[in-house]
Structures are given as C-alpha cells and as structure tokens.
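**Student:** Shown below is the structure under consideration.
The values are calculated or read from the model by the stated rules, or taken from the named source; none is laboratory data. Model, not experiment: these values are computed from the prediction. Here the Cβ positions follow ideal geometry from the backbone for every residue, glycine too, while neighbour counts run over all protein chains shown. In case anyone asks, the SASA skips ligands and DNA or RNA and just uses the protein heavy atoms, side chains included. Shrake-Rupley method; radii C 1.70, N 1.55, O 1.52, S 1.80 Å.
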Amino acid sequence: MNKKQIVTIPNLLSLLRILLVPLFLWVYLRAETLQEHLAAAGILALSGLTDLLDGLIARHYNMITDLGKLLDPAADKLTQASVIVALTLRYPPVIILLVVFAIKEIAMIAGGLFLLKKKTTVVSSKWFGKVSTAVFYLTMFALIAVPNVPPQAVNMTVLVNVCFLTFSFIKYIPVFFQLKDPKKNGDSLSSEK
C-alpha cells in the first residue's frame with residue numbers, strides 16, 4: 001500500500017471521526033444545560049456529516065482504498081459504541097440497545113475475519129447497513145440534543161434502533177453465506193455500516 005492510497009480525503013475524514021469520539025464523550029458526559037447538550041449533538045452531527053462525505057468523495061473521485069474500506073466502518077462502530085455507552089449512563093434502558101449492538105458486531109467481526117481468512121475482498125456496505133446507520137444517527141442526535149428525555153421517548157428510540165440493527169443483521173446472513181462460497185465474490189460482511 002503506497003502513501004497515495006493512505007492519505008486520501010475520505011481516509012482523513014474517517015480519522016477525524018475517530019478523533020471526534022473522545023471530544024463527544026467529554027462534552028456529553030459533562031453536559032447539564034441545553035447548550036451543552038446541543039454542543040454534544042453538534043459533534044455527533046459533524047461526525048455523521050463526515051461519514052456521509054467520505055463515502056460520497058471516495059466514490060465520486062475514485063478514492064476508494066482498502067484502508068478506507070476498513071477505516072470507515074471502524075470509525076462508524078467506534079462512534080456508535082461510544083454514543084450507546086454514553087447514553088446508557090444517562091438512560092439505563094439503552095442497555096438493551098447496547099446488548100443487541102454488541103451481539104451483532106461480534107458476529108459481524110467473526111464473519112468478517114472468517115471471510116478475510118478465505119481471502120474475500122473487502123468492499124462497500126449494503127443499503128440496509130447504511131439505512132441502519134442513518135436511523136442511528138438521527139435518533140441518537142435527538143436523545144443527545146435534549147436534556148432529560150421522557151422515558152417513553154427513550155424506550156421508543158431503543159425499540160426503533162433494535163429493530164433496524166436486527167433487520168440489518170438478518171439481511172447480512174445470506175450475504176455471508178454467498179461470500180463463503182469462493183466462486184461468488186460480492187460485498188464483504190466486514191465492511192457493513
């Protein structure tokens with residue numbers, strides 16, 4: 001892998017997303033006022049925007065790299081895990097989402113490692129993974145932006161995200177079995193968003 005394949009705008013945007021994680025945690029976990037909650041939500045919105053931009057730029061300007069195919073989903077998962085853990089500390093029912101997220105991600109990583117061992121190419125995510133990520137960002141933004149969210153709204157947000165995560169995971173099961181066959185080499189499970 002040469003330097004040109006490493007230092008690309010999409011890869012730098014993915015790296016920025018990773019760097020925004022500790023900033024988000026610091027701001028959100030200390031937030032008490034509406035302004036502080038909005039600042040934390042703004043950081044999450046910036047993270048979501050960089051996620052959208054890195055994919056668009058990579059595809060439009062042909063800057064798709066193997067590093068980017070790994071860095072982008074890693075940044076997504078780190079961001080999502082951090083948001084869910086932070087919200088669990090404020091809203092205990094979010095632990096259900098944390099458990100479902102952890103099960104799904106452990107299974108996805110195991111499947112991705114299995115495919116990598118079989119030399120399956122890592123490529124872009126599927127539409128259902130992208131939809132799940134978009135729903136996550138929108139609903140989590142709302143929970144973070146508003147202090148003292150009513151329990152019913154928290155429960156509804158958890159339910160919506162659990163449904164989308166489960167749907168995305170179920171849709172990836174046949175993809176995994178297709179990719180397990182070396183004759184069929186489509187999109188990789190490990191790059192799901």
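**Student:** Work out the FRET efficiency for MET63 and LEU116 from their Cβ-Cβ distance, taking R0 = 25 Å, and round it to the nearest 0.05.
**Tutor:** 0.65
**Student:** Now for a separate question. Tell me, what % of the accessible area of the range 1-124 is carbon and sulfur with a 1.4 angstrom probe? Kindly include the intermediate steps, with their values, before the conclusion.
**Tutor:** Numbers: 5010 of 6840 Å².
Roughly 73 percent, rounded to a whole number.
**Student:** What FRET efficiency would be calculated for the residue pair VAL131, THR33, taking the C-beta separation as r and a Förster radius of 41 Å, to the nearest 0.05?
**Tutor:** Values: r = 33 Å, r/R0 = 0.81.
That gives a FRET efficiency of 0.80.
**Student:** What spacing in nm lies between the two simple spin-label points modelled at LEU23 and ILE96, each 7 Å away from Cα in the Cβ direction?
**Tutor:** Label at LEU23, label at ILE96, 3.4 nm between them.
**Student:** Can I ask one more? Would you kindly calculate the mean projected area, averaged across all directions, of the convex hull enclosing the Cα atoms of the chain, in square nanometres?
**Tutor:** With every direction weighted equally, the projected area is 10.7 nm².
**Student:** Which of THR65, THR79, THR33 moves the most in a Gaussian network model of the chain with Cα springs under 10 Å?
**Tutor:** Maximum fluctuation in the GNM of the chain, among the listed residues, is at THR33.
**Student:** Now, a different point. Sorting check: for 67-75, 49-57, which peptide has the highest mean count of neighbouring beta carbons within 10 Å, and how do the rest follow?
**Tutor:** Result, highest mean Cβ count within 10 Å first: 67-75, 49-57.
**Student:** Okay, next question. Dipole magnitude of the chain about its Cα centre, charges +1 at Lys/Arg Cβ and -1 at Asp/Glu Cβ only, in debye to the nearest 20?
**Tutor:** 760
**Student:** Counting only heavy atoms of the protein chains, get the accessible area per residue of the chain (1.4 Å probe) and round it to a whole Å² value.
**Tutor:** 54
**Student:** Please identify which residues in the range 46-89 have an amide N closer than 11 Å to a label point set 7 Å out from the Cα of LEU16, following the Cα→Cβ vector.
**Tutor:** 46-54
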